[in-house]
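Here is the structure we will look at, set down as structure tokens.
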Amino acid sequence: MIRAREFLGAALSRGFDFYTGVPCSFLTPLINGTISHQELRYVGATSEGEAVALATGAWLAGRQPVAMCQNSGLGNMINPLTSLSHPFRVPFLLVCTWRGQPGLKDEPQHEVMGGVTHDLLTTIRVPHRPFPDRPELIEPALDEAVKLMADGELPTALIMRKGAVAQDEPLDQPPYAPGPRDTALDDRTRGGPRPARRDVLESVLAEVPPEAAVIATTGKCGRELFALADREQHFYQVGSMGCASAMALGVALNTPRTTVVLDGDGAALMKMGNMATIGATAPPNLVHVILDNGVHDSTGGQATVSAGVEFGRAALACGYRSAAVSDDTDGFAAAFRTALARPGPHLLHARIAPGSPPGLGRPTVTPYEVARRFRHFLAVGPR
Ligand SMILES: Cc1ncc(C[n+]2csc(CCOP(=O)(O)OP(=O)(O)O)c2C)c(N)n1
């Protein structure tokens, strides 16, 4: 058995200082120790998939992240682990508990995952090793994980058995005090013909400062952004639908740069918990744009339920500082300029028309390159 502080101290000396995740009773001392530690940042995620995206954003912004989860939450991570971590080759340390370990008494809901946790990680090509359960194993386990992460440029998991960490870490967590926010939605809708996605993206490119980062959600959004302009401060998120805003949060919390995320209505609806985490952590430099065409445009135009969803009011209710809704390019541009001039986080709900230009291509720069040049940009700024 080890003490949480021993592990956290050894990890901190290797640079791990940004933690995220969703609790598990096996993890209680480690999470409580992280939350209570003066030199560590812990961002509680609403889902384990969100935690992967947060860790990815933090890595892009130069941090050494750790994501913690129960192995049942590994299910929630599989999509971003396979379609974000792998194509973009983003390493972070994953601490995953082993509920349902065969031969140990546990709850019925852990039986299947307990039997397949290691095989599942192997199948999705995430290297894994045992979490250290004796003090003398901490440094070797961390050193090996760091080496695996460096060599493979992938997340590496340490699998924690029951009783590995002593349950004696007190929790020192101030109560959450929601921050100030506008009372009213800035409604700029006029009811005329809706703009194309491309019109709004052109408006973003015209107004966004050169030192800002821009992250585009999966599908045609990133493809259209790439077609309009390919810049090192652009991140075209292929796959990991719903994760763009969480990844942008991981970036915004770890850089002073303005961070603009271009989301889709389908993607935003897929992981609406992300909005609660953004509202609670409230980075002033985050601008969350939802390009709402009412459909899953990238996969053939199937309707989403966004026509009945007021993303702006939902954002204010979650703790965003301001929110606006627009349905034409001028209204969007004015709302975007206002957002850039004020502390956020801001939600800009842009109601747009479905469709994209004929013959739309795909980014020719690889995800691997996109991640490296984006990370370099965040570190040093525009050329
Ligand atoms: C987890 C996951 N589910 C489904 C898909 C397939 N997919 C790719 S883009 C897309 C539609 C996204 O819709 P929206 O966010 O509204 O953006 P739009 O395509 O309208 O620009 C879907 C369903 C995926 N990439 N990942």
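The values are calculated or read from the model by the stated rules, or taken from the named source; none is laboratory data. This one's a predicted model, so the numbers in the text were calculated from it and none came from an experiment. Ideal geometry is used to build each Cβ from the backbone, glycine not excepted, and the neighbour counts take in all protein chains shown.
A few notes on this one:
- Selection of region 245-268 for residues being more than 16 Å from the ligand (Cβ to nearest atom) and either without any contact (Cβ under 8 Å) to a residue 40 or more places away in the chain or under 10 Å from Leu291 (Cα atoms) (or both) yields only Pro256.
Conditions tested, residue by residue: (1) away from the ligand (no atom under 16 Å from the Cβ); (2) part of a helix (DSSP H, G or I); (3) of a type in the set (A, V, I, L, M).
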{"position": "Leu148", "(1), (2), (3)": "yes, yes, yes"}
{"position": "Asp168", "(1), (2), (3)": "yes, no, no"}
{"position": "Pro180", "(1), (2), (3)": "yes, no, no"}
{"position": "Arg194", "(1), (2), (3)": "no, no, no"}
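A quick yes/no check of all residues on (1) more than 16 Å from the ligand (Cβ to nearest atom); (2) of a type in the set (A, V, I, L, M):
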residue	(1), (2)
Ile78	no, yes
Arg89	yes, no
Cys96	yes, no
Arg99	yes, no
Asp106	yes, no
Glu111	yes, no
Gly114	yes, no
Leu121	yes, yes
Val126	yes, yes
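- Of all residues in region 121-140, those that are surrounded by fewer than 14 Cβ atoms within 10 Å (Cβ to Cβ) have Cβ atoms under 9 Å from Cβ atoms of residues that are of a type in the set (Lys, Arg), 6 or more apart or on another chain, in Pro135/Arg3.
- Residue match in region 40-50 (condition: more than 21 Å from Asp143 (Cα to Cα), surrounded by 24 or more Cβ atoms within 10 Å (Cβ to Cβ), in the same structural domain as Ser83 (by TED's automatic domain parsing) and without any contact (Cβ under 8 Å) to a residue 40 or more places away in the chain): yes
- Some residue of region 323-335 being modelled with pLDDT of 95 or more, in contact with a Pro (Cβ under 9 Å, 6 or more places away or on another chain), more than 16 Å from the ligand (Cβ to nearest atom) and closer than 15 Å to Ser245 by Cα: no
- Taking every residue in region 205-220 that is in contact (Cβ under 8 Å) with a residue 24 or more places away in the chain and over 15 Å from Leu360 (Cβ atoms) and pairing it with any residue that is charged (D, E, K, R) and away from the ligand (no atom under 16 Å from the Cβ), at least 6 positions away or on another chain, the pairs with Cβ-Cβ distances below 8 Å are Glu207/Arg337; Glu211/Arg257; Ala212/Arg257; Ala213/Arg257; Val214/Arg231.
- Single residue of region 150-166 satisfying the filter (within 23 Å of the chain's Cα centre (by Cα) and not in a loop (DSSP other than H, G, I, E, B)) that is farthest from Leu30 (Cα to Cα): Gly152
- Hits in region 196-221 - residues which are near the ligand (Cβ under 9 Å from one of its atoms) and of a type outside the set (Val, Ile, Thr): Arg197, Gly219, Lys220, Cys221
- Breaking point among (1) away from the ligand (no atom under 11 Å from the Cβ); (2) free of Cβ contacts under 8 Å to residues at least 60 places away in the same chain, for Gly312: (2)
- Qualifying residue in region 9-21 (condition: within 16 Å of the ligand (Cβ to nearest atom), touching a helix residue (DSSP H, G or I) at 6+ places or on another chain (Cβ under 9 Å) and not assigned by TED's automatic domain parsing to the domain that holds Glu369): no
- All of Ala339, Ala371, Ala317, Ala307 fail the test of being assigned to a helix (DSSP H, G or I), within 16 Å of the ligand (Cβ to nearest atom), more than 17 Å from Gly242 (Cα to Cα) and not assigned by TED's automatic domain parsing to the domain that holds Thr20, apart from Ala307.
- Only residues that are buried (at least 20 other Cβ atoms within 10 Å of the Cβ) and not polar (S, T, N, Q) were counted in region 297-313, giving 3.
- Gly279 more than 16 Å from the ligand (Cβ to nearest atom), modelled with pLDDT of 95 or more and either within 26 Å of Gly192 (Cβ to Cβ) or out of contact with any strand residue (DSSP E or B) (no Cβ under 7 Å at 6 or more places or on another chain) (or both): yes
- Residue count for region 282-299, restricted to those that are more than 8 Å from the ligand (Cβ to nearest atom) and of a type in the set (S, T, N, Q): 1.
- The helices (runs of 4 or more DSSP H) found wholly in region 14-126 and carrying at least 2 residues that are out of contact with any Lys or Arg (no Cβ under 6 Å at 6 or more places or on another chain) and more than 20 Å from Ile159 (Cα to Cα) occupy 28-36, 48-60.
- Every pair of residues 6+ apart whose Cβ atoms lie under 7 Å, when the first sits in region 350-369 and is closer than 30 Å to Ala323 by Cα while the second is assigned to a loop (DSSP other than H, G, I, E, B) and within 12 Å of the ligand (Cβ to nearest atom): Ile352/Ala196; Ile352/Asn293; Ala353/Ala196; Ala353/Asn293; Pro354/Asn293; Pro354/Gly294; Pro354/Gly301; Gly355/Ala196
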